[in-house]
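Reading through the structure tokens given below for one structure.
The values are calculated or read from the model by the stated rules, or taken from the named source; none is laboratory data. Keep in mind it's a predicted model, so treat the numbers as computed, not measured. Because the Cβ atoms are built from the backbone with ideal geometry, glycine has one as well, and the counts that use them run over all protein chains shown. Keep in mind that these areas ignore ligands, DNA and RNA; they rest on the heavy atoms of the full protein, side chains included. Shrake-Rupley method; radii C 1.70, N 1.55, O 1.52, S 1.80 Å.
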Amino acid sequence: MAKTGLVLEGGGIRGIYTAGVLDVLMENHITVDGVIGVSAGAIHGATYVANQPGRNIRYNLKYRNDKRYLGLYSLITTGDICGKDFCYREIPDELDPFDYQTFKNNPTKFYVGCSNLETGEAEYLECKDLRNEADMEKLRASASLPLVSKIVEVDGKKLLDGGVSDSIPIFAFRRMGYRKNVVVLTRPKGYVKGEDKVLKVEAIKYKEYPEFVRRMYMRHRYYNKTIRKLYELEEKGEVLLIQPSIDMHLSRLERDLDKIQKMYELGVSDTQNKLEEIKKFLINK
């Protein structure tokens with residue numbers, strides 16, 4: 001039988017839509033053989049594998065406007081717009097405990113997408129135990145945005161945000177044997193990505209990594225091509241897409257808690273509306 005998977009796009013705070021989707025899947029005991037997430041999709045996907053419904057929206061609402069969590073204060077004081085110690089140690093270890101043991105024991109395999117600065121190519125890295133520092137660093141690398149994050153080094157590789165090299169790693173996952181995939185997008189149907197407005201700044205910042213810069217310039221083209229291919233795969237019945245039914249106009253670094261809550265609720269309602277379709281899709285392997 002074909003292996004089933006979840007492919008989770010990033011998008012910063014927009015990824016709270018994915019948290020809503022995954023909560024519905026968890027509450028209905030819907031499991032898959034593998035999960036691959038990029039950036040915010042990786043963060044939320046880890047909680048899905050740990051089987052902790054409600055955790056992502058809870059800590060996002062509680063800490064979004066905490067200066068240690070995400071913003072200029074963290075960037076100035078730590079060099080990362082998301083504080084490494086606060087986000088990847090204090091919250092999961094103390095403030096809103098992450099279930100490391102359930103994550104480790106879950107037979108669902110978990111991968112994160114990262115961008116290799118030296119090659120410009122995507123790296124698809126498996127995380128088996130997030131208590132292991134190297135695995136947690138893989139997760140952090142996937143969500144480390146260019147310009148506002150330090151380069152993360154894992155196993156001799158210099159890594160940043162997976163969204164640069166492969167925002168929606170559906171084809172990589174299919175090559176890995178996951179042929180029946182639910183793909184969660186954080187942009188509504190009809191969205192077309194344009195060229196990054198800060199490309200020139202990024203090109204200067206990362207001039208010693210020309211392949212990474214080249215990939216940055218190609219990003220919007222590859223993204224739009226992937227979206228077109230996804231719709232073709234959906235027509236063939238090979239993927240099932242879940243994406244915002246309306247445009248909530250959230251920014252990547254949204255601070256409005258009411259808008260964040262509504263984006264989460266949209267993820268919940270969109271998934272509830274597709275629940276029977278999702279079950280049939282995954283069962284009919």
- Residues (of a type in the set (Gly, Ala, Ser) and surrounded by fewer than 20 Cβ atoms within 10 Å (Cβ to Cβ)) located in segment 30-55: Gly54
- Task: Give me the pairs, please: first residue somewhere in segment 168-194 and more than 15 Å from Thr108 (Cβ to Cβ), second residue anywhere and surrounded by fewer than 16 Cβ atoms within 10 Å (Cβ to Cβ) and acidic (Asp, Glu), beta-carbon distance under 7 Å, and either six or more positions apart or on two chains.
- Result: Pro188/Asp247
- Query: Does Thr186 satisfy being modelled with pLDDT of 95 or more, open to solvent by less than 50 Å² (accessible area, probe 1.4 Å), polar (S, T, N, Q) and touching a Gly at 6+ places or on another chain (Cβ under 6 Å)?
  - Reply: yes
- Query: Which condition does Arg58 not pass, out of (1) open to solvent by 80 Å² or more (accessible area, probe 1.4 Å); (2) on the phi > 0 side of the Ramachandran plot, if it passes all the others?
  - Reply: (2)
- Message: So Glu208 ticks every box in (1) free of Cβ contacts under 8 Å to residues at least 24 places away in the same chain; (2) of a type outside the set (Phe, Trp, Tyr); (3) buried (at least 17 other Cβ atoms within 10 Å of the Cβ) but one. Which box is left unticked?
- Response: (3)
- Run down Asn116, Asn105 and say which single residue is open to solvent by less than 70 Å² (accessible area, probe 1.4 Å) and at pLDDT 95 or above. Asn116
- Message: As an exercise: evaluate Glu195 against (1) modelled with pLDDT of 95 or more; (2) open to solvent by 80 Å² or more (accessible area, probe 1.4 Å); (3) assigned to a loop (DSSP other than H, G, I, E, B) and give the number of the one condition it does not meet.
- Response: (1)
- Task: Report, by residue number, each residue of segment 65-82 that is open to solvent by less than 40 Å² (accessible area, probe 1.4 Å), within 19 Å of the chain's Cα centre (by Cα) and at pLDDT 90 or above.
- Result: Tyr69, Asp80, Ile81
- So which helices (runs of 4 or more DSSP H) stay within segment 60-175 end to end and still have 1 or more residues that are under 30 Å from Asp258 (Cβ atoms) and in contact with a Ser or Thr (Cβ under 8 Å, 6 or more places away or on another chain)? 133-142
- Query: Are any residues in segment 30-55 hydroxyl-bearing (Ser, Thr, Tyr) and not in a helix (DSSP H, G or I), and if so, which ones?
  - Reply: Thr31, Ser39
- Got at least one residue in segment 8-29 being open to solvent by less than 10 Å² (accessible area, probe 1.4 Å), of a type in the set (Val, Ile, Thr) and either over 17 Å from Val268 (Cβ atoms) or assigned to a strand (DSSP E or B) (or both)? no
- Yes or no: Ile227 of a type in the set (Val, Ile, Thr), touching a residue at least 24 places away in the same chain (Cβ under 8 Å) and surrounded by fewer than 12 Cβ atoms within 10 Å (Cβ to Cβ)? no
- Query: When only residues in segment 255-285 that are buried (at least 19 other Cβ atoms within 10 Å of the Cβ) and not β-branched (Val, Ile, Thr) count, which is farthest from Pro188 (Cα to Cα)?
  - Reply: Leu282
